[in-house]
Amino acid sequence: MNLLIYAGPGPWRNEALATAAQFAGRVATLVTLVTGGGMSNAPLLDDALARLRLPPDVEVRRRVVEGTPQEAIMTVVDEMTYHLVIFGRFQRPLERLLPLRRSDALTRRLRSAVLRVHGPARPIRRILLASGGDQHTFATAGYTAQLAAPLGASITLLHVVSQQPIVFEALAPSISDEATFLESQTPEATTLQQVAAWLHARGIAVAIRVRFGLVLDEILTELDEGDYDILAVGTHHAAGPLDRVLLEDLTGDLLDRCPRTVLVARRMPRD
């Protein structure tokens, strides 16, 4: 994998580097370290390299760019193909109302998968993968597996059956417990079973969880109750106008409210 790591100044810099150090040396063929703010921040790249402890066969590039961290990342990410961009959350809690400094806005602009680090650095042992129950779950699972496999981390697939009122919802059969849902022939249940089998075949310990309620609330509740280290999500693909109203801002809301590191997948990486 080609990794781009923002190693310049930021409120979650130490946590981002500590998180990346757990897996970068095991999965990367190339690591680009970037900082904004000009040459005065160049020594931070050497410091980051020392912290990452990369093996000698990993190619390392350093890039110093003028401007904000977001501008630096957007400048460098277009220079070559990166499979994963890693950075710490850029705003502090009291800065969430400043749109230009929101790291979820940067995540949406990037075409690569993103690991947005937030919260204390934790050993990556348990990953929660939030699935919409469609085939895009395989793309999210592909990226998640690339982190989980070398670390021996487990993955829990979570699907939330939304209890948000939807027009014509009464026409659909109601399923209200996890076992019944997983035994059903619904496309969502089938996809969860297929993805679980795909991960298991790659030697990853996997479990399936189904919750019922408001999607955002249930994801955050499971994340807390299960004490997971990372939340993995995919970009949401709206099938129609109603889907866009309900789903288009879910990833942004998760990035804004999630107290843990978030992996946002884009597309399946090449094996």
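Please treat every number below as a calculation from the coordinates, not as lab data. Everything numeric here is computed off the predicted structure, so don't read it as measured data. FYI the Cβ positions are ideal-geometry reconstructions off the backbone, even for glycines, and counts take in every protein chain you see.
Which order do Trp12, Trp198 fall in if you start with the one that has the fewest other Cβ atoms within 10 Å?
Trp198, Trp12
Stretched out fully, how many nm does the piece from Arg108 to Glu225 gain, at 0.36 nm a residue minus the Cα gap?
Difference between extended and current length: 39.4 nm.
For Arg257 and Gln193, calculate 0.36 nm times their separation in residues minus their Cα-Cα distance, and state this gained length in nm to one decimal.
20.2 nm
Could you give the length gained by full extension between Thr81 and Ala21, i.e. 0.36 nm per residue of separation minus their alpha carbon distance, to one decimal place?
19.5 nm
Ordered by packing density, taken as the mean number of other Cβ atoms within 10 Å over each peptide's residues, highest first, how do 109-115, 179-185 rank?
Highest mean packing first, the order is 109-115, 179-185.
Which value in nm describes the separation of the simple spin-label points at Leu214 and Gln135, placed 7 Å from the Cα toward the beta carbon?
3.3 nm
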